[in-house]
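Trainee: Dropping a structure here in structure tokens format, bear with me for questions.
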């Protein structure tokens, strides 16, 4: 419902949050690792609510175990429950890994999870136990996501391996894509696979290559890759012929263990990169620190410019030229931008979601002439403004209102005055778009009110093509719907 | 064929009719590490109170509990829609350290000023109990200043099961009634409807039946609910309780405090809906006209839907169904409704059933039927495969299990958009079951492969 009075002063309560809590991101990451079961250390409700939330997006089974706190547990500590839960998960699923994420409850009572886990490894051997601290009162689901990726990489790549493995061949590239869709992950895999089919390595002695330090490790084509996490198969598999306790797919644990021998790491997310600059750890920064693996940090490749950057880095890292297929995709995309330019130019959009995603989408919108008049996120890393300043041209930036730490109610109140033409973001903006009576272009996570959310492609030239077509067609449909006479051509 | 093993500690929560002595274990905390389909205390409170549309629902805790329950079920309102807003104190690290009372108080004042609710519920989540916020005191203070009821709901997630959440919600409802109670006269020929949440418009169907019978509905708790109606509930002659006891606590409290008797009913299926209406009519036996009208109503309604039901039954006869629902009471009705459609129930289970419920289920089921308490995805998958079900009735968490195994699905939980109660609800239910069971997509899924594997295993 529309509030009667519009308030602009600071508001204490959060109304219709534009974020989820930390453990959800961690649970999703663990579903992207082969043979892994997430286990939340807290109340039963946390697991069940997050399962339900994820199931509604992926439309797949998403098992999340719980240590199932009771009153006694809260008073005397969760050690016994967690140990019992681990043993039961190990017995019932025989997983390769159990990903243990904390909740606000276990964090607040001060459970020392590493201490509780001490000795448990041996008990459930060969199951690997990974622990990530995800108190729900800090950050958002995205922090839980990055935290879990970091925790897994750290656990699987202890520093001692550096010396023993130093002489082995380095070939692979580690890819940490962040919270992308299944289709995005599949597209990434396709891109890397296509690169490996290219037979002509680029000149590693070129000034560019030398400048980027490629000569030190490039031994011909380095096109093998490990993407972490990869839930694209596990959370979108075929109908089962046989029961699967843990669905097939996910990044193999042995590949994660080999990450310390990669030629380079690639990590998406300009906000993530900024937090790393401030001293926070990411999976990529950890590998760089521990094993001197070069890290390429870049924004999520949405739109031509961001994707160009991505392919440039890929050419350098793999010492392989961009496959013809992608040059063609790029050509078609720009031609489509031209064909549709008039329908999108000067249109005004409200963009919301997790911060890195907002930055990427805003960059894409700006390059086709759409003004992202309001860029909002429930997250408040402190870097949203800066990241947008870096990606948006000055003339556009002047017209953009940036709001980190914003909820949907404030967004709705702020957006009204900005006269937006459409809204772009996850399903949770439905209420806002309905109240503002403008269309919603669904992207990101979660998509709860449509089928096929996990199949939305955002990244690469192909992703930009699909986004562009969707946006143009949404605007055209709007024109048709609001036209007095209607028309069947344009 | 992968063998699915059942955890040793879970074995006495599974019963197979005709095979062993009946001593199902239930009403237990879920086993740590088993992926229970249950939620928590907070969830129980939230589902019960949520449909009260002109109340403020503020969730006191970190953001998750509010995010995951924002506008996730129908709970349709014919008027205000304040309940569809998700309000949270969104506690951060500093609040955890220094306490959340001030934030809660400030949030309440601001929200009440802006949205002008008729009452406010403050849901305590897990950590509120741990950090020691005196929510009761904050609520009292705010209530005194703003002049509306501000009620704490003691729904800390870990303090029991979903059932304890129902109880906490009932306590809040009872307090709400008590706050307003004046020596008002009882309303003749009147009832309260309890345990009906208007997910897909059910409340309106049921109310219309009672209107036709000549009975006044004082309050529905809580479908399409309003604070003022709830506060008049003590003036009704009878409480008619639906659902497996989520509101039974309240009915008992009201019986004790105001002498209002209660009966338990179900509005799912022809038999149970008719029984419900007849039971209510029988209560008002001093007004025989009510029973006459009820008979006419039932006859008319049944006559309207029978032709279609018979047509649908032709395709459904002999098909096998699995049921896994929150409360066992719903399962009773579903078994009857499915029998009406010619279908056999091969698995039935609930999250929160008690010993009596399971005893009754055992009586109602055919030999070989598997009965489960607080099942997990592995067990559900194991038994629906073993029983080769054509249909699974459950909620959103059961849907992917059914679909992955190539089994039709009917949502009988929060996410449904079509009313399934009463006579027209039975028709909707039959249509939905028919749509999914007879879909041609099952011919394309590889289900038959594992069916063969199962039969080989014996």
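All of the numbers you see were taken from the coordinates with simple rules; none came from a lab. For clarity, every value in this text was computed on a predicted model and none was experimentally measured. Quick reminder, even Gly has a Cβ in these numbers, built from the backbone with ideal geometry, and neighbours come from all protein chains shown.
Trainee: Bin width 10 Å, alpha-carbon pairs only: give the P(r) of segment B:257-406 as whole percents, running from 0 to the bin holding the largest distance.
Mentor: Per 10 Å bin, starting at 0, the Cα pair percentages come out as 10, 33, 31, 19, 6, 1.
Trainee: Cα extents of segment B:27-143 along the three principal axes, largest first, in whole Å?
Mentor: Extents along the principal axes, in whole Å: 44, 41, 22.
Trainee: Under the Kirkwood approximation applied to all pairs of distinct alpha-carbon atoms, what is the hydrodynamic radius of segment A:22-158 in Å?
Mentor: Working: mean 1/r = 0.0688 Å⁻¹.
Evaluated over segment A:22-158, this radius sits at 14.5 Å.
Trainee: I've got another one for you. According to a simple spin-label model (label point 7 Å from Cα along Cα-to-Cβ), what is the distance in nm between residue A:479 and residue B:11?
Mentor: Result: 7.1 nm between the two label points.
Trainee: Now for a different question. Once both labels are modelled 7 Å past Cα along the beta-carbon direction, what's the residue B:144-residue B:81 spacing in nm?
Mentor: With each label placed 7 Å out from Cα toward Cβ, I get 3.8 nm.
Trainee: Alpha carbons only, please: Rg and Dmax for the protein assembly as shown, in angstrom.
Mentor: Answer for the protein assembly as shown, Rg first and Dmax second: 28.8, 101 Å.
Trainee: Output the relative contact order of segment A:22-158, whole-number percent, from Cα pairs under 8 angstrom with separation of 6+ residues.
Mentor: Values: 244 pairs, mean separation 48.1, N = 137.
Reported relative contact order: 35 percent.
Trainee: Here is a follow-up. Between residue B:363 and residue B:282, what is the FRET efficiency for a Förster distance of 22 Å, r being their Cβ-Cβ separation, to the nearest 0.05? Walk me through the numbers on the way to the answer.
Mentor: Values: r = 24 Å, r/R0 = 1.08.
Rounded to the nearest 0.05, the efficiency is 0.40.
Trainee: Here is a follow-up. Dividing the Cα radius of gyration by the Kirkwood radius, what Rg/Rh value follows for segment A:326-482? Intermediate results must be reported in sequence, preceding the final value.
Mentor: Details: Rg = 14.7 Å, Rh = 15.7 Å.
That ratio is 0.94, to two decimals.
Trainee: Over the whole of B:126-133, what's the average partner chain Cβ count within 10 Å per residue? Rounded to a whole number, please. Working shown, then result.
Mentor: Details: counts 13, 12, 2, 4, 8, 3, 0, 0.
Mean inter-chain Cβ contacts per residue within 10 Å come to 5.
Trainee: Could you state the angle between the C-alpha long axis of helix B:270-283 and the longest principal axis of the C-alpha atoms of chain B, as a value from 0 to 90 degrees rounded to the nearest 10?
Mentor: Roughly 40 degrees between the two axes.
Trainee: According to the square roots a ≥ b ≥ c of the eigenvalues of the Cα gyration tensor, what is the shape class of chain A, taking rounded for a/c under 1.5, prolate for a/b larger than b/c otherwise, and oblate for the remainder?
Mentor: Details: a/c = 1.81, a/b = 1.17, b/c = 1.54.
Taking the square roots of the gyration eigenvalues as a ≥ b ≥ c, chain A is oblate.
Trainee: For an R0 of 41 angstrom, estimate the FRET efficiency from the Cβ-Cβ distance between residue A:115 and residue A:239 and round to the nearest 0.05.
Mentor: Working: r = 44 Å, r/R0 = 1.06.
With R0 = 41 Å, the Cβ-Cβ based efficiency is 0.40.
Trainee: Quantify how strongly other chains surround peptide B:84-93 by giving the mean number of their Cβ atoms within 10 Å of each of its Cβ atoms. Please report the intermediate quantities before stating the final value.
Mentor: Values: counts 3, 8, 10, 7, 6, 3, 11, 5, 5, 5.
Mean partner shielding for this stretch: 6.
Trainee: Sticking with this structure for a sec: At 7 Å along Cα-to-Cβ for each site, give me the label-to-label distance between residue B:258 and residue B:339 in nm.
Mentor: Taking the simple label geometry, residue B:258 and residue B:339 are separated by 3.6 nm.
Trainee: Per-residue ellipticity at 222 nm for the protein assembly as shown, helices alone: DSSP H runs ≥ 4 residues times -39500 (n - 2.57), over residue total, nearest 500 deg cm²/dmol? Don't skip to the end; give the middle numbers.
Mentor: Numbers: 40 runs with 432 residues, N = 948.
-13500 deg cm²/dmol, from helical runs alone.
Trainee: Please give the average number of partner chain Cβ atoms lying within 10 Å of the Cβ of each residue in A:16-22, rounded to a whole number. Walk me through the intermediate numbers first.
Mentor: Details: counts 9, 10, 2, 4, 4, 9, 3.
For this peptide, the per-residue mean of nearby foreign Cβ atoms is 6.
Trainee: If you count, for each residue, the other Cβ atoms within 10 Å and average over each peptide, how do B:177-183, A:27-33, A:246-252, A:477-483 line up from highest to lowest? Show your work: numbers first, answer last.
Mentor: Numbers: B:177-183: 12.9, A:27-33: 28.0, A:246-252: 19.3, A:477-483: 10.6.
The most tightly packed comes first, giving A:27-33, A:246-252, B:177-183, A:477-483.
Trainee: For a test of the definition: using alpha carbon positions, the gyration tensor, and the 1.5 limit on a/c, classify segment B:230-330 as rounded, prolate or oblate.
Mentor: Numbers: a/c = 3.75, a/b = 1.46, b/c = 2.57.
Verdict is oblate for segment B:230-330.
Trainee: Find how many whole Å separate the alpha carbon centroid of segment B:106-121 from the alpha carbon centroid of segment B:231-285.
Mentor: With segment B:231-285 and segment B:106-121 each reduced to a Cα centre, they are spaced 32 Å.
Trainee: Can I ask one more? Can you classify segment B:119-171 as rounded, prolate or oblate using the Cα gyration tensor, where a ≥ b ≥ c are the square roots of its eigenvalues, rounded means a/c under 1.5, and otherwise it's prolate if a/b beats b/c and oblate if not? Show your work: numbers first, answer last.
Mentor: Working: a/c = 3.64, a/b = 1.55, b/c = 2.35.
Oblate, since a/c reaches 1.5 and b/c is not below a/b.
Trainee: Test of understanding: what is the full-extension gain from residue A:401 to residue A:193, defined as 0.36 nm times their sequence separation minus their Cα-Cα distance?
Mentor: Values: separation 208, 0.36 × 208 = 74.88 nm, distance 3.99 nm.
Extra length from residue A:401 to residue A:193 when fully extended: 70.9 nm.
Trainee: So, one more: Please state the Cα pair-distance histogram of segment B:320-458 with 10 angstrom bins from zero: what percent is in each bin?
Mentor: With a bin width of 10 Å, the distribution comes to 12, 45, 35, 7, 0.
Trainee: Among bridges DSSP assigns within the protein assembly as shown, what percent are antiparallel (round to 5)?
Mentor: Values: 5 of 87 bridges.
That works out to approximately 5 percent antiparallel.
Trainee: Among A:156, A:46, B:170, A:21, which comes first, then next, by fewest other beta-carbon atoms within 10 Å? Mind showing how you got there, number by number?
Mentor: On the way: A:156 21, A:46 36, B:170 26, A:21 31.
Going from least to most buried by this count: A:156, B:170, A:21, A:46.
Trainee: Largest first, please: the extent of the C-alpha atoms of chain B along each principal axis, to the nearest Å.
Mentor: 70, 61, 40
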